[in-house]
2 protein chains.
Amino acid sequence: MKLTILGCYAATPRTMTNPTSQVLEIKNQMFLIDCGEGTQVQLRKHKIRFSKINHIFISHLHGDHFFGLPGLVSTFRLLGRDTEMHIYGPKGIEEAINLLLKLGNSWTNYKLIFHELTSKESELIYEDDKVTVKTIPLNHRVYTNGFLFQEKLSSRTLDIEAVESYGIEVCYYQNIKNGRDITLDDGRVIPNDELTFDPPKPKSYAFCSDTAYKPDIVPLIKGVDVLYHESTFLETQAELAPKTKHSTAKEAAAIAKQANVGQLILGHYSTRYKSIDLFKEEALEVFDKVLLADDGKVFNF
Amino acid sequence: MKLTILGCYAATPRTMTNPTSQVLEIKNQMFLIDCGEGTQVQLRKHKIRFSKINHIFISHLHGDHFFGLPGLVSTFRLLGRDTEMHIYGPKGIEEAINLLLKLGNSWTNYKLIFHELTSKESELIYEDDKVTVKTIPLNHRVYTNGFLFQEKLSSRTLDIEAVESYGIEVCYYQNIKNGRDITLDDGRVIPNDELTFDPPKPKSYAFCSDTAYKPDIVPLIKGVDVLYHESTFLETQAELAPKTKHSTAKEAAAIAKQANVGQLILGHYSTRYKSIDLFKEEALEVFDKVLLADDGKVFNF
C-alpha cells in the first residue's frame with residue numbers, strides 16, 4: 001500500500017497547508033479519501049492520474065473534508081472521463097452534488113454512482129477481488145465514518161524450483177496455484193505447501209478523522225498495519241477536544257496502543273500551531289510508533 | 001479603484017493558475033467578484049483582509065466562478081465574522097449554499113443575505129453613497145451577468161487659497177462644499193466654482209465574464225474607464241467560441257472598441273494555451289489599449 005497525504009490540516013485551506021485529502025494505492029488501484037477544497041490541485045501537484053481514481057470515500061460533510069468534491073467531479077467531466085465514478089459518503093452527498101451540477105447545467109458525461117451511508121454500525125461498503133472497505137463509525141459533530149481498507153489474502157505463488165525438481169508438468173501448475181496437492185507418477189503425494197510460497201500477509205489501513213476519543217472503535221481496527229488518526233489538539237488545548245468532538249495527540253496514541261497497531265500516523269492538526277513536532281512528542285509518551293502526516297508526504301507499507 | 005486579479009483562467013484550477021475571482025477596491029470598500037475554487041487561499045496570498053469584504057458578486061453558477069464560495073462562507077464563520085455578508089448571484093445560489101451549510105450543520109454566526117438575480121435586463125443591484133453596481137446581462141450557457149461598478153460624483157472640494165483670499169469665514173465652508181455661491185459683506189456674489197475644485201471624474205469598471213460575443217452590451221458599458229472582458233480563445237480556436245458561448249480576444253477587443261472604453265483587460269484564458277501573449281497581440285489588431293490579466297496582477301485606475 002502507498003499512502004499519499006494531499007492535505008492533513010483542520011478547518012480552512014491556507015497558503016501552505018491543505019484540508020484533508022489522501023490517496024491510498026492498493027495493487028494499482030487508487031482510492032481517494034476525503035476531498036477538501038483544493039484537492040484537485042494537490043492531485044496535479046503530486047502527479048496522481050485523475051483517470052486512476054474510481055472510488056471516492058467521504059468521511060463527513062464538513063467543508064474541510066468535502067468542498068473540493070464538486071470541483072473534482074466537474075473536472076473529471078472536462079477531462080473527458082467516461083468510466084463510472086463511485087462516491088461513498090453520508091446521506092445528503094448525492095443531493096448536494098446533483099444540485100450543484102444542475103445549477104451549472106453541467107451534468108457529467110460519465111456515470112456518477114452514489115453510495116449513501118446512514119448506518120451507525122460498521123458495514124462493508126466496497127469489495128473486489130483484492131480489497132474490502134468497511135466503515136468505522138466515529139463520534140463527531142455530524143454523522144462521520146472512518147474507513148478500514150483491508151487487502152485480501154492473495155493466491156499462493158509457485159515455487160518453480162521445487163516444482164521442477166519433482167518434474168511436474170506445466171499443465172498442473174494452475175492446480176498447484178489453486179492449493180491442490182500433487183500425486184506423482186510413482187504414487188508419492190507432494191503436499192501443496194512444498195510446491196508454493198505463502199502469499200504476503202495482507203495489509204490493512206484505517207483512516208479515522210474526524211472524531212472525539214472513541215475507544216469502542218478499537219475492536220474494529222485491532223492490529224491494523226497503519227492507523228491514521230486525527231489529532232487536532234495538543235495537551236495545552238485538551239479541553240477543546242471533547243467540546244469540538246476532536247482528539248488530542250495523546251488520545252490518538254491511546255487508541256493506537258489499545259488497538260496494537262503497527263504504525264500510527266497523526267494528522268488533522270489545528271492550524272493554530274506553528275509547528276507540528278509537539279504532536280509527535282506528546283503521542284510518543286503513550287505509544288512508540290508514531291509518524292507525522294504532512295502535505296505531500298508519502299508512506300509506503 | 002484598485003483591481004486585484006486572484007484568478008483569471010477558465011475551467012479548472014491548476015498548480016499555477018486559478019479560476020475566476022477578483023477584488024475591486026473602491027474608496028476603501030472591497031467588492032469580491034466571482035469565487036472559483038481556491039479563492040480564499042488567493043485572498044490570503046495577496047493579503048486581502050477577509051473582514052473588509054461585505055459584498056460578493058457571482059456572475060454565474062459554473063464551478064470555475066462559484067465553487068470557492070461555500071468554503072469562503074464557512075471560513076468567515078471560523079474567523080469569527082459577525083457583520084452581514086451580502087451575496088449577489090443567479091437564482092439557486094441561496095439554495096446551494098444553504099444546503100451545504102445544513103449538511104455540515106455549520107450555519108454561519110453572521111447574517112448571510114442573498115440577492116438572487118433573475119432579470120434579463122440590466123438592473124441596479126447595489127447602491128451606497130459612493131458606488132452603484134448594475135448587472136450586465138451576458139450570453140452564456142447558463143444565466144449569467146456581468147457587473148458594472150460606477151463611482152458617484154463626490155462633493156466639490158474647497159479651494160482654500162481662493163476662499164481665504166476673499167476673507168470668507170470658516171462657518172461658511174460647509175455651504176461652499178455643498179455648492180452654494182457666497183455673498184460677501186460688500187454685496188459681491190462669488191460663484192461657487194471660483195471657490196471650489198471640480199471633484200475627480202467618477203471612475204467606472206465593467207466585468208464581463210463569461211459570454212459569447214454580445215454587442216448589445218455596448219450601450220451599457222459605453223465609455224467605462226476599464227472593461228474586463230473574457231477572451232477564452234485565440235483565432236486558431238475561434239470556431240469553439242460560439243459553440244461554448246465564450247469570446248475570442250478579437251471579439252473582446254471589438255466590444256471594447258465599440259464601447260470606446262479607456263482600457264481593456266483580457267482574461268478567462270483557456271488553459272490549453274502555453275502562453276497568454278498571443279491574446280494581447282490578437283486584440284491589439286482591433287483595439288489599441290489592451291492589458292492582460294494574470295493571477296496576482298494589480299491594476300490601479
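Each reported figure results from applying straightforward, stated rules to the coordinates on display, with no laboratory input. Nothing here was measured: the structure is a model prediction, and the numbers come from that model. Here the Cβ is made from the backbone with ideal geometry for all residues, glycine too, and neighbour counts use every protein chain on show.
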Quick one: of the DSSP bridges fully inside chain A, what percent are antiparallel, nearest 5?
55
With chain A treated as a Gaussian network of Cα nodes joined by springs under 10 Å, which of A:61, A:148, A:284 yields the largest mean-square fluctuation?
A:284
Can you give the log10 of the normalised intensity I(q)/I(0) at q = 0.14 Å⁻¹, computed with Debye over equal Cα scatterers of the stretch A:162-301?
-0.64
Need the full-extension length gain, residue A:193 to residue A:107, defined as separation in residues times 0.36 nm minus the C-alpha distance. One decimal, nm.
25.6 nm
Under Karplus coefficients 6.51, -1.76 and 1.60, residue-wise ³J(HN,Hα) of the stretch B:145-160 in Hz, glycine/proline x:
10, x, 9, 10, 9, 10, 5, 8, 4, 8, 5, 5, 10, 5, 8, 4
Within 10 Å of the Cβ of an average residue in A:96-105, the count of other chain Cβ atoms is 6
Kirkwood hydrodynamic radius of chain B from all distinct Cα pairs, in Å?
20.8
Cα→Cβ-extended label distance, 7 Å offset, between residue B:275 and residue A:300, nm:
4.0
Label points for residue A:83 built 7 Å along Cα→Cβ; distances to same position in the other copies, nm, shortest first, come to 5.1
Taking Cα atoms, how many degrees apart are the long axis of helix B:69-78 and the longest axis of chain B, rounded to 10 and kept between 0 and 90?
60
Using DSSP, restrict attention to beta bridges with both residues in the protein assembly as shown and report what percent are antiparallel, rounded to the nearest 5.
55
Once you sort the root eigenvalues of the Cα gyration tensor of the stretch B:222-301 as a ≥ b ≥ c, which label holds: rounded (a/c under 1.5), prolate (a/b larger than b/c) or oblate (the other case)?
oblate
From other protein chains only, count the Cβ atoms within 10 Å of every residue's Cβ in A:7-18, then give the mean.
3
Each label sits 7 Å from Cα toward the beta-carbon; between residue A:237 and residue B:288 the label points are separated, in nm, by 5.8
If I model a spin label as a point 7 Å beyond the Cα along the Cα-Cβ vector, how far apart are those points for residue A:222 and residue A:47 in nm?
4.3
Taking neighbour counts of Cβ atoms within 10 Å as a proxy for exposure, in what order, fewest first, do B:232, A:196 appear?
A:196, B:232
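Rounded, prolate or oblate, given the Cα gyration tensor of the protein assembly as shown, with a/c below 1.5 counting as rounded? Let's see the in-between values first.
On the way: a/c = 3.23, a/b = 2.06, b/c = 1.57.
Judged from the Cα gyration tensor, the protein assembly as shown comes out prolate (a/c at least 1.5, a/b above b/c).
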In whole angstrom, the spacing between the Cα centers of the stretch B:143-164 and the stretch B:260-301 equals 27
What angle do you read, to the nearest 10 degrees and between 0 and 90, between the alpha-carbon axis of helix A:93-103 and the longest principal axis of chain A?
60
Antiparallel bridge percentage (DSSP; both residues within the stretch B:1-78; nearest 5):
70
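Of B:91/B:250; A:45/B:47; A:201/A:289, which ones are farther than 28 Å apart at the Cα?
Listed pairs above 28 Å: B:91/B:250.
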Residue exposure sequence - A:163, A:142 - by fewest surrounding Cβ within 10 Å
A:142, A:163
Name the shape class, rounded, prolate or oblate, that the alpha-carbon gyration tensor gives for the stretch B:157-197, where a ≥ b ≥ c are the square roots of its eigenvalues, rounded holds for a/c under 1.5, and otherwise prolate holds if a/b is larger than b/c and oblate otherwise.
rounded
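Let me know the longest stretch in chain B that avoids all trypsin sites (Lys or Arg not before Pro) found in a DSSP loop with at most 10 other C-beta atoms within 10 Å.
Longest site-free region, per DSSP loop and neighbour criteria: B:189-273.
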Can you sort B:46, B:62 so the residue with the fewest Cβ neighbours within 10 Å comes first?
B:46, B:62
